[in-house]
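Let me begin by presenting the structure, written as structure tokens, before commenting on it.
FYI, it's all coordinate maths here, none of it is from the lab. Computed from a prediction, not measured in an experiment: that's the story for all the values here. Because the Cβ atoms are built from the backbone with ideal geometry, glycine has one as well, and the counts that use them run over all protein chains shown.
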Amino acid sequence: MRITFGLGAAALVLVLGAAGADGPGETPREIPPGPLGDVIRLGETLVQETATHPMTKPYVGNALNCTSCHLANGTDPEAGTFLGTATAYPAYSPREGRVLTLEDRILNCFMRSCHGVRPPLGSEPSVAIAAYITWLSAGQPLRMNPKRPAGPGAIRPLGLAAESADAERGKALYAENCADCHADDGRGRKENPPVWGDRSYNQGAGLANTPQLAAWLKVAMPLDDPHLTEQEALDVAAYVNSHDRPAFRLEDHLPPDDKLGEYNAAADAPGR
Ligand code: HEC
Ligand code: HEC
């Protein structure tokens, strides 16, 4: 009896592993059945189609989707990974001076990276994205972060001083490595999003900080072939961030006070 069961479980793990959804050492992920699974799938779609999906479009003020920076819907192990992210929350955030939940952290990316309005806490898109990102940590132990709101896979800072950035060198590197996709004027082209200008991330976004952009570029760009040295990543980051992009004024990005949070229950719920 026991042996049969053990073999069955091993075979199941093998089958799930072959599906390629998991990195080494991770617990196999399976979408749970029922409404929770539906919400997780919705969250994945919203991460991919943030700027165009009817549920999130009203909250996005530029051309970016979450997956524009959290590559492969957050399943890239390095470039803005969501793998393991949920294990770090609630986490203390020096920027907000508060302990943030994962949902808070998600909504802040709407205001800054997506240059939009913070969706209400407990709203359908907020819950769906939180469910998707949490599902990507299924089976992992909690590792709450008392220093900053960042998961165990968060992008590692480069070992270079910001002052050593040279935007002139970055200009040549951009022409050679980036302009084919993002265009000479940084406005993007087809599925390649704008990297500066009024349709890109605003000055309150993480990537507007040049060392942070450099650290992300090092593991993310050029797409499918990130090969820049640390110095090159810093130089091209300085060039990209030397251009105009929207200013960030917090009050422009918060919903009215009465819409900050919602009573999270369905209209026909038995509890109403
Ligand atoms: C312009 C790029 C960009 C876009 C678009 C973007 N993000 Fe982010 N996001 C970042 C960066 C950079 C960080 C890391 C900030 C840091 O190092 O503290 C981050 C951090 C996060 C974190 C915390 C990760 C961790 O390790 O704890 C979450 C969750 C998150 N983003 C969710 C989202 C969601 C959901 C969307 C879409 C609504 C989104 N982001 C859109 C750049 C972006
Ligand atoms: C082969 C095309 C390609 C090349 C080359 C490329 N990128 Fe990208 N880049 C993309 C795509 C596509 C995305 C969005 C990712 C997605 O949707 O999967 C992106 C996302 C970005 C983003 C985050 C989103 C935004 O628009 O702000 C930045 C910043 C960026 N790239 C900068 C660069 C820089 C700098 C280089 C050169 C070192 C570069 N890219 C090279 C295709 C490319």
Residues of the range 198-227 being more than 13 Å from residue 178 (Cα to Cα), part of a loop (DSSP other than H, G, I, E, B) and within 10 Å of ligand 2 (Cβ to nearest atom), which ones?
-> 199, 200, 201, 205
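For residue 195, indicate whether it is surrounded by 18 or more Cβ atoms within 10 Å (Cβ to Cβ) and part of a helix (DSSP H, G or I).
On the way: surrounded by 18 or more Cβ atoms within 10 Å (Cβ to Cβ): yes; part of a helix (DSSP H, G or I): no.
Against the criterion (surrounded by 18 or more Cβ atoms within 10 Å (Cβ to Cβ) and part of a helix (DSSP H, G or I)), residue 195 does not qualify.
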Pairs returned, first residue in the range 244-267 that is part of a loop (DSSP other than H, G, I, E, B), second residue that is among the small types (Gly, Ala, Ser) and exposed (fewer than 14 other Cβ atoms within 10 Å of the Cβ), beta-carbon separation under 9 angstrom, 6 or more apart or interchain, are 265/271
Quick one: in the range 103-126, which of the residues that are under 12 Å from the mean Cα position of the chain (by Cα) and not in a loop (DSSP other than H, G, I, E, B) is farthest from residue 216 (Cα to Cα)?
-> 107
Of the residues 36, 64, 71, which single one is of a type in the set (A, V, I, L, M, F, W, C), surrounded by fewer than 19 Cβ atoms within 10 Å (Cβ to Cβ) and over 25 Å from residue 257 (Cβ atoms)?
-> 36
Over the range 57-92, the set of residues more than 24 Å from residue 186 (Cα to Cα) and polar (S, T, N, Q) is 75, 81, 85, 87
List the pairs whose first member sits in the range 154-182 and is on the phi > 0 side of the Ramachandran plot, whose second member is within 16 Å of ligand 1 (Cβ to nearest atom) and in a helix (DSSP H, G or I), and whose Cβ atoms are under 6 Å apart, counting only residues at least 6 apart or on separate chains?
-> none
Of the numbered conditions (1) in contact (Cβ under 8 Å) with a residue 40 or more places away in the chain; (2) under 17 Å from residue 113 (Cα atoms); (3) away from ligand 1 (no atom under 14 Å from the Cβ), residue 204 fails exactly one; give the number of that condition.
-> (3)
